[in-house]
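Everything on this sheet refers to the single structure shown next.
The values are calculated or read from the model by the stated rules, or taken from the named source; none is laboratory data. This is a predicted model, so every value here is computed, not measured. Here the Cβ positions follow ideal geometry from the backbone for every residue, glycine too, while neighbour counts run over all protein chains shown.
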Amino acid sequence: MNGNPIVAAIEQAEAPQPAHTWPDPESLPPPMPPAPKFAPELLPVALRPWIQDIAERVQCPMDYPAVVAMTALGSVVGRQIGIHPKRHDDWLVVPNVWGAIVGRPGVMKSPAMTEALRPLHQLESEARESYEHAAHEYQADKLLAEAASKAAKKQIEAATKKRDMDAARMHALAAMEEPEAPVRRRYTTQDTTVEKLGELLRDNPRGVLVARDELVGWLRGLDKEGHESARAFYLEAWSGTGRYTYDRIGRGTIEIEAATVSLIGGIQPGPLEDYLRAALRGGVGDDGLMQRIQLCVWPDMGRDWKNVDRYPNREAKQAAFELFARLDDIDATALGADAASDIPALRFDADAQGVFDDWRSKLEHRLRDPDSTEPDAFISHLAKFRSLVPSLALLYHLASARIGPVDMESVTAGIAWCEFLEAHARRVYGAARNPELGAAHELERRLCRGDLQTPFTAREVHRKGWRALDRENLSRCLEYLEDLGRVRYEEVETGGRRKTLWHVHPAVLEGAQ
């Protein structure tokens, strides 16, 4: 033994602790609630083979391309047609939706999104070609109008000399007529200021899809000081039923008769948890923006992978593209929609209405339960399902090429979607609500892998730079594990500052728990 009593004390403290000195530890709960496996039946029949083909070729969960495709489908339908969820009331829902796909880097979020947005990009490409042709024709018409204007000036002068003011006025009015400039149909945009987005919406009253590869950049941009009006705009444009007016120096007044925005993007768990944690604490994100991202999925990533190298399913792809093209040109009257208001709308049939009313009654009672232990942010998320079920039911109905009221199968699909999405929402909000649980799993994983030796100090963990184990998370994590009897600390005198050593239960290191 070392002759120095201080060094000897440290060596004794750092020696492995006998197993019999530890009581049995409590089990560590799963890191997050389970996520149900995606069921192809949630999708309209016309989309199922295509989405399955994408998921197999990309080797990603079906959840990813499915959510992207449904969001894109809603953006194409936009304000062409809506749904009245009540039997008689004029409450109107437009089927534009917001979605997000959650996963760590490298799980193929971006490729899945790219594949599922191809029909939208095809429509965008066709619209651009049409616009370029129309713009060419417009330039020719403009030259003709200029020539006609010069001729009209001579006619005006001649009529004026004859004091024939009626003829002069007629020529003047004719000279003022100019060809109407073509407007390019836009379906999607990736990176835009909110002012430019307003101009796009002014010219595209059906709505536009904002597609972001990384949603965290979009969220943080809206959090910046001075961007409050942009945040307010997105909050307003989520419902798809309102109008918005900008008054800006330089741009003047921009009147948007139809402020309808759809949203899709990918996000990593860490930034998402950070953002939601601020919302749960009543921070800048506590305004319902995150809760509007209703189609939010965070699927489990299996360990299985195989190299799939084959041609895409041509028939499935063609059917999906044809579906998008068909819903880009809806004849609402032919579908039986009520065109009494600006937005034509369908209603549920009698059986579907009964199912929806029963489902909504149960939802409303849950939202108003005074004994609920759910966090307010999660309750707010569920409240948005009121409009999500009718939106998804309408999309399912339209994609199935049905005419007349929205039927039982469609509303059942919408409800099944929301049951599926609620499970994912529990995972998303649970991770933000209990960050110490995720940190505890990460710490024990590092210990079992040998990335960290025991006993250890908090400083040693900090120096590793592990994101999930920053100072705040680690402190809460160690307290949590101590309460479970999985770690314990020991204060050691070093002749200077006291040193806190953390010992780990042997059963934890053996992977017994």
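Taking helices (runs of 4 or more DSSP H) as the structural unit, those lying wholly within the range 146-251 and holding at least 3 residues that are modelled with pLDDT of 85 or more correspond to 194-203, 215-223, 228-237. Counting only residues that are without any contact (Cβ under 8 Å) to a residue 60 or more places away in the chain and over 31 Å from the mean Cα position of the chain (by Cα), the range 334-354 holds 3 of them.
A residue that is surrounded by fewer than 15 Cβ atoms within 10 Å (Cβ to Cβ), modelled with pLDDT of 90 or more and closer than 15 Å to Ala440 by Cβ cannot be found anywhere in the range 498-505. Only residues that are part of a loop (DSSP other than H, G, I, E, B), farther than 19 Å from Ile293 by Cα and of a type in the set (A, V, I, L, M, F, W, C) were counted in the range 59-91, giving 3. Residues in the range 315-331 that are charged (D, E, K, R) and part of a helix (DSSP H, G or I): Glu315, Lys317, Glu322, Arg326.
In the range 451-488, of all residues being small (Gly, Ala, Ser) and not in a helix (DSSP H, G or I), the one that is nearest to the chain's Cα centre (by Cα) corresponds to Gly465. For first residues located in the range 429-441 and of a type in the set (Lys, Arg), partners that are part of a helix (DSSP H, G or I) and lie 6+ apart or on another chain with Cβ distances below 9 Å form the pairs Arg433/Leu276; Arg433/Arg277; Arg433/Leu280; Arg433/Ala377; Arg433/Phe378.
Among the residues here, Gly430 qualifies as of a type in the set (Gly, Ala, Ser) and either surrounded by fewer than 19 Cβ atoms within 10 Å (Cβ to Cβ) or in contact with a Leu (Cβ under 9 Å, 6 or more places away or on another chain) (or both).
Taking Gly354 as the residue in question, decide whether it is assigned by TED's automatic domain parsing to the domain that holds Ser410 and outside any loop (DSSP other than H, G, I, E, B). Criteria met by Gly354.
Regarding the range 489-506, can at least one residue be identified that is in a helix (DSSP H, G or I) and touching a residue at least 12 places away in the same chain (Cβ under 8 Å)? Yes, the range 489-506 contains at least one residue that is in a helix (DSSP H, G or I) and touching a residue at least 12 places away in the same chain (Cβ under 8 Å).
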